[in-house]
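Peer 1: First, the structure itself, so that you have it in front of you.
The values are calculated or read from the model by the stated rules, or taken from the named source; none is laboratory data. Given the structure is predicted, the values throughout are model-derived calculations rather than measurements. Using ideal geometry, Cβ is built from the backbone for each residue, glycine included, and neighbour counts are taken over all protein chains shown.
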Amino acid sequence: VLIERVADAIALGGAGPRDLVLHEGHVTDGAAPVAAEGGAVLDAAGGAVLPGFVDAHVHLDKAFLLADAERDGPLAADLTAAIDAVARLRATVSLEQVRASARRAVDAMVASGTVAARVHVEIEPSTGLELVALHQELAEEVADRCLLQLVAFPQQGLATTEARRLLGAAMDAGLPVVGGCPYVDDDPAAHLDEVFALAEHHGAPVDLHLDFSDDPSRSLLRAVVERTVALGLQGRVTVGHATTLAALDPDRQRAALDQLAAAGIALVVLPFSDLHLAGHGEPGTRSVAPIERALAAGVRVAVATNNLANPFAPSGNGSLLHAAWLAAVVQRSGSAGARALLGTITSAPAAVLGLERHGTEPGDAAHLVLVDTPDPELAVARCPTVLATVRAGRLVHRAVGPVLHASTAGLDSMDRRS
Ligand SMILES: [Zn+2]
């Protein structure tokens with residue numbers, strides 16, 4: 001639907017609600033009248049209007065790989081186990097399923113405000129270049145909704161002649177960014193040399209999965225800095241994860257960050273994965289009580305919000321669903337854990353407060369929440385939008401989305417068509 005005006009919206013730095021007039025794909029200053037394009041008015045109803053979000057690092061070809069059958073299986077909780085699990089699960093789905101899941105991932109990203117993304121495309125001998133073609137087709141298909149910038153990503157390493165040939169072929173096929181994953185190879189320096197040689201040959205930027213470890217002695221940051229400077233690639237190299245930085249003492253951490261800055265190397269932090277797969281030092285450093293172990297021991301456990309937006313909880317927002325979701329991340333919960341966490345914000349705290357039973361069973365008090373997901377059991381994992389709240393059978397909150405009006409011109413043109 002063409003939008004000719006975003007009405008009653010608050011922009012960054014703006015004093016108050018105003019209208020944004022759009023014309024031919026651009027925001028106009030609204031001063032000069034523009035020819036009506038027959039679009040609709042998007043009523044923000046006094047809400048904020050922000051620049052569209054950009055995702056610097058995402059994988060579409062392994063999106064939604066945890067199928068129903070895997071929900072309660074052992075969950076990979078370190079990097080090697082995750083790589084192995086993805087390879088195993090990938091082998092169970094068809095290319096068309098990968099395509100459907102990638103489409104679904106783009107839909108979810110767009111629905112979350114993402115307008116562009118750098119997408120790592122797996123290049124490895126068992127699949128050859130089929131994922132390259134899939135992503136190129138997908139990028140074209142979704143171009144009007146989300147720009148996909150594709151990275152050739154050798155997840156299984158570059159130790160074999162075939163793997164190196166395929167990465168080169170992927171670049172020859174037109175992928176604009178060369179990726180790398182040196183930590184999967186026994187000779188990470190050789191992996192880096194191969195990646196940087198390809199970057200030089202194609203004049204392409206580099207985007208590395210790097211230092212996804214708790215052990216700073218395994219860091220390759222210095223090796224990447226050296227190659228970046230040697231080839232004059234300052235400003236064109238990106239590293240993702242770099243969790244070794246979190247394990248450094250403050251002086252060495254500062255020195256490493258200074259090196260990255262001086263070499264113009266970008267750092268992409270990936271907390272969903274970094275919190276889940278890294279941070280395995282002992283004693284545990286997450287400073288969150290062990291919820292799942294307490295539940296398994298038979299303890300009644302509630303998750304609560306504690307504070308809102310103050311020095312005790314600067315990011316506290318009053319949302320129990322968000323609190324439980326964050327607990328799931330920190331506890332490395334799988335689907336079973338997420339299901340259990342739903343109890344920590346419903347039945348368990350009700351019992352702590354000594355309230356009568358509430359819920360959806362006959363006889364329960366009708367205190368209910370409507371959320372935007374088809375899977376109530378996984379509400380904590382999905383962290384959906386709350387659509388409505390019912391207290392004792394009465395609607396006490398209802399989410400109201402942006403309203404789409406036809407403009408006068410739009411109605412006219414629709415009338416003409418009908
Ligand atoms: Zn990645």
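Peer 1: So which residues in the stretch 317-326 are crowded, with 19+ Cβ neighbours inside 10 Å and in contact (Cβ under 8 Å) with a residue 40 or more places away in the chain, if there are any at all?
Peer 2: The answer is Leu321, Ala324, Trp325.
Peer 1: Do any residues in the stretch 194-205 that are free of Cβ contacts under 8 Å to residues at least 60 places away in the same chain and within 13 Å of Val224 (Cβ to Cβ) have Cβ atoms under 7 Å from those of residues that are surrounded by fewer than 22 Cβ atoms within 10 Å (Cβ to Cβ) and among the aliphatic types (A, V, I, L, M), where the two are at least six apart or on different chains, and which pairs are they?
Peer 2: Close Cβ pairs satisfying both conditions: Phe196/Leu231; Ala199/Leu233.
Peer 1: Within 25 Å of Ala399 (Cα to Cα) and surrounded by 15 or more Cβ atoms within 10 Å (Cβ to Cβ), is that true of Gly337? Give the steps one after another, and end with the answer.
Peer 2: Numbers: within 25 Å of Ala399 (Cα to Cα): no; surrounded by 15 or more Cβ atoms within 10 Å (Cβ to Cβ): yes.
So Gly337 fails the test.
Peer 1: Suppose we keep only residues that are away from the ligand (no atom under 16 Å from the Cβ) and among the small types (Gly, Ala, Ser) within the stretch 153-169. Which one would you say is farthest from Met109 (Cα to Cα)?
Peer 2: Per the criteria, the residue is Ala159.
Peer 1: Specify which of the listed residues (Arg339, Arg394) is free of Cβ contacts under 8 Å to residues at least 40 places away in the same chain and of a type in the set (D, E, K, R).
Peer 2: Of the residues listed, the single one that is free of Cβ contacts under 8 Å to residues at least 40 places away in the same chain and of a type in the set (D, E, K, R) is Arg394.
Peer 1: Another one. For Arg252, work out the one condition from (1) more than 16 Å from the ligand (Cβ to nearest atom); (2) modelled with pLDDT of 90 or more; (3) closer than 21 Å to Asp207 by Cα it doesn't fulfil.
Peer 2: Result: Arg252 fails condition (3) only.
Peer 1: Just to be sure I understand, how many residues within the stretch 292-326 are in contact with a helix residue (DSSP H, G or I) (Cβ under 6 Å, 6 or more places away or on another chain) and under 24 Å from Ala77 (Cβ atoms)?
Peer 2: 6
Peer 1: I'd like to verify a number: residues in the stretch 191-220 that are more than 16 Å from the ligand (Cβ to nearest atom), aliphatic (A, V, I, L, M) and part of a loop (DSSP other than H, G, I, E, B), how many?
Peer 2: Adding up the residues that qualify gives 1.
Peer 1: Now for a separate question. Looking at the stretch 408-417, can you tell me whether even one residue there is assigned to a loop (DSSP other than H, G, I, E, B) and either of a type outside the set (S, T, N, Q) or modelled with pLDDT under 85 (or both)? Break it down stepwise before answering.
Peer 2: Residues of the stretch 408-417 that are assigned to a loop (DSSP other than H, G, I, E, B), as a first pass: none.
No, the stretch 408-417 has no match at all.
Peer 1: When you go through (1) crowded, with 20+ Cβ neighbours inside 10 Å; (2) among the aliphatic types (A, V, I, L, M); (3) assigned to a helix (DSSP H, G or I) one by one for Val121, which number turns out not to apply?
Peer 2: Here Val121 clears every test but (3).
Peer 1: Please list, ordered by first then second residue, the pairs with beta carbon atoms under 6 Å, 6 or more apart or interchain, first in the stretch 44-73 and over 18 Å from Val268 (Cβ atoms), second part of a loop (DSSP other than H, G, I, E, B) and at pLDDT below 85.
Peer 2: That search, which allows pairs on different chains as well, returns Ala44/Pro402.
Peer 1: Can I ask one more? Go through (1) assigned to a helix (DSSP H, G or I); (2) more than 16 Å from the ligand (Cβ to nearest atom) one by one and return the number of the condition Leu275 breaks.
Peer 2: (2)
Peer 1: What number of residues within the stretch 377-391 are among the charged types (D, E, K, R) and within 22 Å of the chain's Cα centre (by Cα)?
Peer 2: Keep residues of the stretch 377-391 that are among the charged types (D, E, K, R), which gives 377, 382, 391.
If we keep only those that are within 22 Å of the chain's Cα centre (by Cα) too, we end up with 377, 382.
Selection size over the stretch 377-391: 2.
Peer 1: Taking the residues in the stretch 42-60 that are farther than 21 Å from Ala15 by Cα and not in a loop (DSSP other than H, G, I, E, B) as candidates, determine which candidate is nearest to the ligand (Cβ to nearest atom).
Peer 2: Across the stretch 42-60, the extreme among qualifying residues is His57.
Peer 1: Oh, and also: Report yes if Leu150 is more than 16 Å from the ligand (Cβ to nearest atom), under 20 Å from Val54 (Cβ atoms) and in contact with a helix residue (DSSP H, G or I) (Cβ under 6 Å, 6 or more places away or on another chain), otherwise no. Steps first, answer last, please.
Peer 2: Values: more than 16 Å from the ligand (Cβ to nearest atom): no; under 20 Å from Val54 (Cβ atoms): yes; in contact with a helix residue (DSSP H, G or I) (Cβ under 6 Å, 6 or more places away or on another chain): yes.
No.
Peer 1: Condition first: out of contact with any Asp or Glu (no Cβ under 7 Å at 6 or more places or on another chain), touching a residue at least 40 places away in the same chain (Cβ under 8 Å) and either hydroxyl-bearing (Ser, Thr, Tyr) or part of a loop (DSSP other than H, G, I, E, B) (or both). Now tell me which residues in the stretch 140-173 satisfy that.
Peer 2: Cys146, Ala173
Peer 1: Answer yes or no: is there a residue in the stretch 248-264 that is crowded, with 22+ Cβ neighbours inside 10 Å, touching a helix residue (DSSP H, G or I) at 6+ places or on another chain (Cβ under 7 Å) and assigned to a loop (DSSP other than H, G, I, E, B).
Peer 2: There is no residue in the stretch 248-264 that is crowded, with 22+ Cβ neighbours inside 10 Å, touching a helix residue (DSSP H, G or I) at 6+ places or on another chain (Cβ under 7 Å) and assigned to a loop (DSSP other than H, G, I, E, B).
Peer 1: Which numbered condition in (1) exposed (fewer than 13 other Cβ atoms within 10 Å of the Cβ); (2) over 21 Å from the mean Cα position of the chain (by Cα) is the only one that Thr127 fails?
Peer 2: Against the list (1) exposed (fewer than 13 other Cβ atoms within 10 Å of the Cβ); (2) over 21 Å from the mean Cα position of the chain (by Cα), Thr127 comes up short only on (1).
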